[in-house]
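Colleague: Pasting a structure here, questions to come.
Derivation of every value follows stated rules applied to the coordinates shown; laboratory data play no part. Please read all numbers here as calculations on a predicted model, not as lab measurements. Every residue, glycine among them, receives a Cβ derived from its backbone with ideal geometry; neighbour counts consider all protein chains shown.
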């Protein structure tokens, strides 16, 4: 399906229903108004002649309608990360993809103290330029049959880009990922099939739309199924989000484990009473986090797995098919092969190796980077760079990033496994990260970065009971907080650099 075409059909079908509850602005937008607003914005965006259009707006009605308007104008939205280094990210995206115009918000620029970048246009200014004639024209057009409205859009193919997203850059420079209508459409079809979602559901849309998890699950999923999306621009507002969930009777929430940890800490019993689906992804969920939700809210935190390059969902635990600790059964149209790290040969169930993914969910490729694309996709199989196991029952288990394995004493040590053990030993609400520092004498040196005050000797002793000695960190460093990406994932590059600098100064 062509996604914005399908939105037109859904908007016509559910015209009187609320499409978006914007809790940041305190407004509600019906499907009919969402269609009118998208058509008005599309007319304005058509005037920008040069290439695609960048979008840097927090998750909100404005962000969703801007993206829809860009697509209706025949262009591709390039989503820009504003969580750190927003101005630099804008210029990086412009240079990488070759466009000029960036739709943003003056309120956002002021809040994050972002300098103005050439090509920026604020939504507030665009709205001031909309005339009565524009409103009447869009309203009249919205009354036409869906087929006639769609015919007025520039022609698109199912394999054309629907969005360009950037990889997190937690390990190296971000890559521009091209996702098509086929990619995201197949993912939504699969998710709907296994998660029993319908137009009756209310989804808490808090993840940033520059992150694939937020773009597919919090934006396209609700607006292509007639759900209501409840948006809130700040997922880090741990006190407010649970209150919104209770007030709006939210039935589904997807978030990263870091966000779920914050909501667990600040929520009150009863806040999640309406929630029937809580899905964690983008990072490993700990046993203690799952247990916390069972005890406090009586709900099961379902863990899933995906990547930017796979639109994103590859596998997910389901209410009737849940194996805690795993990342769930594969989606119906998805193929996964576990391949040997050394030879690339397919491995049988129960054997650990690289996770390769095949199916309509796999990206078209990295923008203007044939070499990197060919390194990651071979014969339709996308190499995720993750290590995992498929068990006999078809459940996938994530063992960590290949780049987050280190060789110590001839053995491969998983930093993710060490983190998981340490996380469960820390006080509730505290975080950790394991980084590798080069040590020319003894091989890799593992350093644990924690946000809690701990007894180092006691902690090492407890970890030795659950891990081989080579997997236990040599040193512990305390940070007030861990640097994170906009998605809530730990920014490993920054953490490693901070620890390196710390040790160079001789303060450890």
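Colleague: Can you give me the relative contact order of the range 315-401 as a percent, contacts being Cα pairs under 8 Å and 6 or more apart?
Modeller: Taking the mean separation of contacting Cα pairs over the length of the range 315-401, I get 30 percent.
Colleague: In addition: Give me 503, 476 ranked fewest to most by other Cβ atoms within 10 Å of their Cβ, as a rough exposure proxy.
Modeller: Listed from fewest to most nearby Cβ atoms, that is 503, 476.
Colleague: Have a look at the DSSP beta bridges in the chain and tell me what percent are antiparallel, nearest 5.
Modeller: Working: 45 of 76 bridges.
The antiparallel fraction comes to roughly 60 percent.
Colleague: Angle between the Cα long axis of helix 132-142 and the longest principal axis of the chain, 0 to 90 degrees, nearest 10?
Modeller: 80 degrees
Colleague: Got the relative contact order for the chain handy, in percent, Cα pairs under 8 Å and 6 or more residues apart?
Modeller: Values: 1022 pairs, mean separation 58.1, N = 508.
It comes to 11 percent, rounded to a whole number.
Colleague: Please report, largest first and rounded to whole Å, the three semi-axes of the ellipsoid equivalent to the range 230-359, where each semi-axis is the square root of five times an eigenvalue of the C-alpha gyration tensor.
Modeller: 32, 14, 13
Colleague: On to the next question. With Rg and the Kirkwood Rh both taken from Cα atoms, where does Rg over Rh land for the range 166-233?
Modeller: 1.02
Colleague: Helix-derived [θ] at 222 nm for the chain: sum -39500 (n - 2.57) over DSSP H runs of at least 4, divide by residue count, nearest 500?
Modeller: That calculation yields -9500 deg cm²/dmol at 222 nm.
Colleague: To make sure I understand, if each residue's beta carbon is the centre and we count other beta carbons within 10 Å, what order do 302, 223 fall in, fewest to most?
Modeller: Exposure proxy ranking, most exposed first: 302, 223.
Colleague: Relative to the longest principal axis of the C-alpha atoms of the chain, give the angle of the C-alpha long axis of helix 3-13, reported between 0 and 90° and rounded to the nearest 10°.
Modeller: Result, in degrees: 60.
Colleague: Take every Cα-Cα pair in the chain and report what % of them are more than 43 Å apart.
Modeller: Numbers: 19457 of 128778 pairs.
Distances greater than 43 Å cover 15 percent of the Cα pairs.
Colleague: Between 0 and 90 degrees, rounded to the nearest ten: what's the tilt of helix 181-195 against the longest Cα principal axis of the chain?
Modeller: It is inclined by approximately 70 degrees.
Colleague: Let me ask something else about it. Please figure out what share of the DSSP beta bridges in the range 209-339 is antiparallel and state it in percent, rounded to the nearest 5. Could you put the intermediate results ahead of the total?
Modeller: Details: 5 of 13 bridges.
Once the DSSP bridges in the range 209-339 are tallied, antiparallel ones form about 40 percent.
Colleague: Could you give log10 I(q)/I(0) at q = 0.07, 0.18 Å⁻¹ for the range 3-235, computed by the Debye formula over C-alpha point scatterers of equal weight, without solvent?
Modeller: Taking Cα atoms of the range 3-235 as identical point scatterers yields -0.20, -1.53.
Colleague: Still on this structure, I have one more. Contact order normalised by length for the range 107-182, with contacts defined as Cα pairs under 8 Å and 6 or more residues apart; what percent is it?
Modeller: Result for the range 107-182 is 19 percent.
Colleague: Working only with C-alpha atoms, what are the Rg and Dmax values of the range 315-401, expressed in angstrom?
Modeller: In order Rg, Dmax, the Cα atoms of the range 315-401 give 13.5, 42 Å.
Colleague: Sorting 132, 71, 261 on the 10 Å Cβ count, fewest up front, what's the list? Present the calculation step by step, with values, prior to reporting the outcome.
Modeller: Details: 132 7, 71 28, 261 24.
The order, fewest Cβ neighbours first, is 132, 261, 71.
Colleague: Per Stokes-Einstein, at 10 °C and 1.306 mPa s, what whole-number D in µm² s⁻¹ belongs to the range 409-504, with the Kirkwood radius over Cα pairs as the hydrodynamic radius?
Modeller: Stokes-Einstein gives a translational diffusion coefficient of 115 µm²/s.
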